[in-house]
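Student: Shown below is the structure under consideration.
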Amino acid sequence: MTQATYNGVLNLAAGAFLLAAVLIVWRRELRAIVGLLAWQGIALAAIPLTEGIYKHDAALIVVGVIVLLLRAVALPLLLIRAVGTEPHERRESTPLVNTTTSLLITAGLTVLAYAVTRPIIALDPSPATRAVPATFAVILIAVFVMVSRRRALSQAVGFMMLDNGIAATAFLITAGVPLIVELGASLDVMFAVLVLGLLTGHMRRTFGGTDLDQLRELRG
Amino acid sequence: MNATIGLAGHTYLTYLATALQVLAVIVGAPFIVGGMRQVRARLEGRAGGGIGQPWRDLHKQLRKQQVTPQGTTVVFGFAPAVVAGTALLIAAILPLIALGSPLDPAADLFGVVGLLFLGTVALTLAGLDTGTAFGGMGSSREITIAALVEPTILLAVFALSVPGRSANLAAIVSATADNPGHLVSPGSLLAFVALAIVIIAETGRLPVDNPSTHLELTMIHEAMVLEYAGPRLALVEWASGMRLTVLLGLLANLFLPWGVAGADPSVLAILIGFVAITVKVAVLAGLLAAGEVFIAKLRYFRIPELLAGSFLLALLAVTASYFFATPTN
Amino acid sequence: MLSGGLTAALGMAGVALGLSAIFGETRHLKISWLLPLVGVIFDLGQVGGFFVAATGAVSIAVGIYAVGYAQREHWARFPLVMLPLFVAAMLLVPAAGSVTTFLLAWELMAGASLVLVLSEHQREAVRSAGVFYAVMTQLGFAAILVALVVLSAAGGGDAFATIAAHAGGLSPGTRTAVFLLTLMGFGSKAGLLPLHAWLPRAHPEAPSPVSALMSAAMVNMGIYGIIRIDLQLLGPGPHWWGLTLMIFGAVSAVFGVLQASVATDLKRLLAYSTTENMGLITLALGAATLLSSYGAHQVAAMAMTAALLLILSHAAFKTLAFLAAGSVLAATGLRDLDKLGGLARRMPGTTVMFGIAALGASGLPLGAGFVGEWLLLQSLIHSPHENNTLLALTMPLSVGAVALTTGLGIAAMVKAFGVGFLARPRSAAAAAAREAPASMMAGMGIAAAACAVFAVAPVLLGPVLSHVLTALPSVGGREAGPALGTYLRLPGIAGSMSPGLIAAALVVAVILALGLARWGARHRPVAATVPLWACGADSLSSKMQYTATSFAEPLQRVFDNVLKPETDVEVTHFAESQYLVERVTYRTLLADPVEQRLYTPVVRAVTIWAQWVRRAHPGSVHLYLTYGALGLLIVLVIAR
Amino acid sequence: MSWIGKIRRVGRIVEAADEAPEATAAPPTGVTGSLQLRHVDCGSCNGCELEISGAFSSVYDAERFGARVVASPRHADGLIATGVVTRNMHQPLLNTLKAVPEPRVVIAVGDCAINGGAFAQGYGVVGSVADVIPVDVQVPGCPPTPQQIIAALRTVTGR
């Protein structure tokens, strides 16, 4: 793999990663959002795979494959199941911030990310670190999604985006975290999703909906 | 590569190429529209009127009576000519077949955008000039969309002009042709998506506007031209077809700049360029029409969401083309 | 007659003087006897000459126009006297060579304009606008006063020349203080946010020639102050000066154009458009400062040239627009776009004039504003962003701001022209309009000619701009600015544009299009004029047309987070059945949100304080005398 | 995407076209294969409307012969009128005809439009379309089938 193609693929992966996050903010259809999350997982997996192939590092390739299986296949399937169990809640009910505004906020967050990660790039300006702003932007966007969405499921999506972003940043900065760490992270994400799934189930049984605003009623 | 290509001594062939561009757009635009209708018809299981249908309609409209509604001014009478004129001028400026159009140094991408809006404004004023409720409604909607589209367009122009360090089209296209590596960069991909959305909005296609609606209340572009008849209507339809064609051609050559003849072309190069641009535009139009089958028209007040999204993409494109500037080339 | 002629004559003198100052050497004049201690110093350099010439050009058009306007509107003697005085004051401000002289001229200008605003003081609206204007302009003056006094104290002299000599030794604290204070004062004069509130009140209420002078010439003085004091005397400033200017400019531009695009009062719309354009100019100034502070002098020169061009073109099309609005007002007594319409048939000349102005204001090709905005955008996109986060972040955002401003500006101007002048009259007054007299047309014609020059032949301005630029080393004056030939060329950047060629080619293309439409004409039946298509009904009433309000309604909805419109719909049913609607009234109120959020509380606080102070005023003259005596004593004790 | 599969499965559902009937009325402008029509319901029972919409549907697809229904009479070459002319629709019918630029055709669809049909003696009825405006092409039937309507349209478009 030549330098140029390596750059190209890495940038492309970072761009797709960011684009998926933006589209998740944009769309309201829960199924579509989960699909986009799967795409983001693929983009995420592409980063360690590329690095591995470029640097002939078998461990990285293994990590990449595992990430692919977990983030692009397993977790989305779990979420799809969760969506399936909500017959009449296929759409994100109007978020706390309307779509136009949240898109503009996303723009602001991205610009901010570019600004704050400038020093990191300055440390060692390699193609990998050049892609860091995009992944860092995804982290910020994920936090924003968790803040602004009502449905528990969208919250789960935001949480997973957050983890994706962190993982991607880790891959880019430290050329790949140790395998075991990655496994641990992915597993606890899976647990978190399961817990959220149970939680949504409980909420639906208690309140007949998973609108998180209704949790206010729990206060005595 | 710099934008002074256009200034280099023009052989008569460069003028020939430019003339050929304009002629091709004049003749080809109705066929492009017809082709899009045909694709749509086939996907709907119909037979369709054939790609010649718009030409038949134009030919017929040109032979019909010229009627002028009472109380309209010269604005109403000349707006179609202005829209068509701007479309023709853009066709002459863009590097569709060959790079070195004599007009290239006279108008860069900002100028082209300005001309585009000049046409839009002319038609909007005509809609207001009729003094009918539908005319005003169409104008109001059209100008609102135009106003919201402008930031996206200019940011996309910005993103595109970063690699070539110039906003002149010949420079951008040749810069892309010189190092295709830029094309796979996220910057240019985001810019492509943003520009595509903008073009859809500007040419009044789905999901922004439905070109084949019969209900005045759902119209945007159609509502402005409800009062036009005969030759003027023909000119309006022709012009909107030409706008669509030149914009698709622009999109094609900005992101797939292959087959475009150089600044000082040979006859063969011109022919190749002609074939290339025809194929590109036809394919793009077909894809657009096919895509339209799957989507419904957006509610009017959801359109700002779409445009805000494209604005975001354009902004990302600019920042990306700033930060991902890979020093490989 | 005399007044108008005098104004025009002053204007011509101003143009001549200004041009001679731009091309010749600096004019210096000291009149010691006129003021004790310091004397009055006039010192006309390139920058001053530029603004003197611009102001003069505006006054020529306005003066000629005012001849007919004053007769038609039966002006009292007082405004007739004040008009030339106002112009003279405005010509003195850029010529002033010392702090004292500058302040004197400034105050004279402010006072004259205030009196002129109040010249129709019978109307309540005028009075409140006058009070508003007086208060804000005096506050601004106070800021400038403090700033300049500090400056002259620290700069070791009263004359600008002396200060310029010592400017290098100023402490950063002083520079910052002076910059912020002058920005406040001059910004309020230029109508920048959040100190713009007087502008959309005073400009519409003033008689139209005065509105033209204020909106096209007086606001420029604010810009002149920023250029002269902050950029020329104090400059080169730190990065954040440029950034501050850019932010203020961008916010003012977007907010102003947003208000303009939903305004329904023709002159209010134009006033907000002034805020917009001043914002763009400030943005350009800021870009020039920022870029040159990063050493990108070529691009900075482009930005500065853009600023100067925008000043000139705005002066031209805003003069024309206000004068045209004035003849509409004189002919119909209407400013409300919802009641206008159909003027194209009744006053064709004025319609053409306003059309030219609107095209210029919308920044489209063939319009006066296009070249300036093009240069501004080019300077923004060609900023050297390599390894410079600040530029890499500000430039895209400001391009977005400029683009949004342009887009909304187009919408606002289409509304003003299309609703106000085309279609059918929406009221009896509009239907009874008659064309303006020759002198008014002549005044507008001059401005229109200027617009045409800026639109297609900026070549003629090339030498002027390059000379002015050389006087501004701190903002890119070191490098050659863009060359304004038939082709506009950007130094060091592969970019060029030619408004003249575009115009010519467009004419050819339109003729070609008309030719296409002739095809098959032989087979056509004879052309006919038919009634409007009323969906089968017999006729459309002019009430069925779109009004300015309905035209802007989508924009108002899209931006309701910013505009905060107050709308209420009330439906009255028939007594017999609640299913039969008798009347529906729709009311919408678009107040200036900044004004409501920011000014109302301030005003309330001031009122309370004033109430408290009033206790000290029981009305007894003796007590007042005692106050005076006490004050004198205290001063003597302190100054001992 | 399930839609693509559906489209492929459905394929072309349009009826095969029989050969063109001989032209009765020459195409208004002498240009064959292009006919825009403005539909006016003069007081119909909406039976004919259903059949007309059927004629322009995917199954019969009148568009392949160059016929189209448009929103504004200014864009049209003629009227396609259905039903008896009621008093309320009398003037609108005349206005609409006046709004169509020359040359123009009028196609009367359905028995009511031709001779009043079942409503001929109704109290609110002015008469058939032919009593009010000159009719060029008549499509008998109550209601006429889409095939008949298309055949009539083809006699005008000449395709």
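Student: Can you confirm whether B:G138 is more than 7 Å from every other protein chain (Cβ to nearest Cβ), surrounded by 24 or more Cβ atoms within 10 Å (Cβ to Cβ) and assigned to a helix (DSSP H, G or I)?
Tutor: Against the criterion (more than 7 Å from every other protein chain (Cβ to nearest Cβ), surrounded by 24 or more Cβ atoms within 10 Å (Cβ to Cβ) and assigned to a helix (DSSP H, G or I)), B:G138 qualifies.
Residues checked against (1) of a type in the set (A, V, I, L, M, F, W, C); (2) under 23 Å from C:A412 (Cα atoms); (3) surrounded by fewer than 23 Cβ atoms within 10 Å (Cβ to Cβ):
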{"site": "C:V219", "(1), (2), (3)": "yes, yes, no"}
{"site": "C:I227", "(1), (2), (3)": "yes, no, no"}
{"site": "C:D230", "(1), (2), (3)": "no, no, no"}
{"site": "C:T244", "(1), (2), (3)": "no, no, yes"}
{"site": "C:V251", "(1), (2), (3)": "yes, yes, yes"}
{"site": "C:S261", "(1), (2), (3)": "no, yes, no"}
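Student: Can you spot a residue in segment C:425-442 that is facing another protein chain (nearest Cβ under 10 Å), over 18 Å from the mean Cα position of the chain (by Cα) and touching a residue at least 40 places away in the same chain (Cβ under 8 Å)?
Tutor: The answer is yes, given that some residue of segment C:425-442 is facing another protein chain (nearest Cβ under 10 Å), over 18 Å from the mean Cα position of the chain (by Cα) and touching a residue at least 40 places away in the same chain (Cβ under 8 Å).
Student: How many residues does segment B:60-85 hold that are facing chain C (nearest Cβ under 7 Å) and either at negative phi or of a type in the set (A, V, I, L, M, F, W, C) (or both)?
Tutor: 15
Student: Of the residues that make up segment C:37-45, is at least one in a helix (DSSP H, G or I) and either β-branched (V, I, T) or modelled with pLDDT of 85 or more (or both)?
Tutor: no
Student: For segment B:111-131, which residues satisfy the criterion of being at the interface with chain C (Cβ under 7 Å from one of its Cβ atoms) and at pLDDT 90 or above?
Tutor: If the condition is that a residue be at the interface with chain C (Cβ under 7 Å from one of its Cβ atoms) and at pLDDT 90 or above, then B:G111, B:G114, B:L115, B:F117, B:L118, B:V121, B:T124, B:L125, B:L128, B:D129, B:T130 are the ones that fit.
Student: Suppose we keep only residues that are within 14 Å of another protein chain (Cβ to nearest Cβ) and surrounded by fewer than 18 Cβ atoms within 10 Å (Cβ to Cβ) within segment D:21-31. Which one would you say is modelled with the highest pLDDT?
Tutor: D:G30
Student: Identify all residues within segment A:100-123 that are in a helix (DSSP H, G or I), facing chain B (nearest Cβ under 10 Å) and free of Cβ contacts under 8 Å to residues at least 24 places away in the same chain; write none if there are none.
Tutor: A:T100, A:T101, A:L104, A:A107, A:G108, A:V111, A:Y114, A:A115, A:R118, A:I121
Student: Right, another one. Scan segment C:372-382 and give yes if some residue there is within 17 Å of the chain's Cα centre (by Cα) and either assigned by TED's automatic domain parsing to the domain that holds C:E276 or surrounded by fewer than 24 Cβ atoms within 10 Å (Cβ to Cβ) (or both), otherwise no.
Tutor: yes
Student: Turning to a different aspect of this structure: On the given criteria, is B:G309 more than 14 Å from chain D (Cβ to nearest Cβ), closer than 30 Å to C:V402 by Cα, of a type outside the set (D, E) and in a helix (DSSP H, G or I)?
Tutor: Answer is yes for this residue.
Student: Then there is this: Restricting to segment B:195-247, and then to whatever is away from chain D (no Cβ under 11 Å) and more than 22 Å from B:E150 (Cα to Cα), can you tell me which residue is nearest to the chain's Cα centre (by Cα)?
Tutor: Among them, the one singled out is B:W238.
Student: Scan B:P186, B:P151 and give me the residue that is closer than 27 Å to A:A13 by Cβ, facing another protein chain (nearest Cβ under 10 Å) and surrounded by 23 or more Cβ atoms within 10 Å (Cβ to Cβ).
Tutor: On inspection, the qualifying residue turns out to be B:P186.
Student: Answer yes if at least one residue in segment B:78-94 is surrounded by 20 or more Cβ atoms within 10 Å (Cβ to Cβ), outside any helix (DSSP H, G or I) and either in contact with a His (Cβ under 8 Å, 6 or more places away or on another chain) or at pLDDT 95 or above (or both), and no otherwise.
Tutor: Among the residues of segment B:78-94, not one is surrounded by 20 or more Cβ atoms within 10 Å (Cβ to Cβ), outside any helix (DSSP H, G or I) and either in contact with a His (Cβ under 8 Å, 6 or more places away or on another chain) or at pLDDT 95 or above (or both), which makes the answer no.
Student: Quick check on C:T55: is it under 18 Å from the mean Cα position of the chain (by Cα) and not assigned by TED's automatic domain parsing to the domain that holds C:T470?
Tutor: So C:T55 passes the test.
Student: Sticking with this one: Give me the residue from segment C:585-640 that is over 30 Å from C:W198 (Cβ atoms) and of a type in the set (D, E, K, R) and, out of that set, surrounded by the fewest Cβ atoms within 10 Å (Cβ to Cβ).
Tutor: Among them, the one singled out is C:R640.
Student: Restricting to segment B:154-169, name every residue that is within 17 Å of the chain's Cα centre (by Cα) and either more than 21 Å from B:I199 (Cα to Cα) or more than 7 Å from every other protein chain (Cβ to nearest Cβ) (or both).
Tutor: Residues satisfying the conditions are B:A156, B:V157, B:L160, B:L169.
Student: Moving on to the next point. Condition first: within 8 Å of chain B (Cβ to nearest Cβ) and in contact (Cβ under 8 Å) with a residue 60 or more places away in the chain. Now tell me which residues in segment C:366-379 satisfy that.
Tutor: Listed by number, the residues that qualify are C:L366, C:F370, C:W374, C:Q378.
Student: I would also like to ask the following. Check C:V558, C:V562, C:V530 and return the single one that is under 30 Å from B:A147 (Cα atoms), free of Cβ contacts under 8 Å to residues at least 60 places away in the same chain and within 14 Å of another protein chain (Cβ to nearest Cβ).
Tutor: That would be C:V558, the only listed residue that is under 30 Å from B:A147 (Cα atoms), free of Cβ contacts under 8 Å to residues at least 60 places away in the same chain and within 14 Å of another protein chain (Cβ to nearest Cβ).
The values are calculated or read from the model by the stated rules, or taken from the named source; none is laboratory data. As the structure is a prediction and not an experimental result, all values here were calculated from the model. A quick note on method: Cβ atoms are made from the backbone with ideal geometry, for glycine too, and the neighbour counts reach across all protein chains shown.
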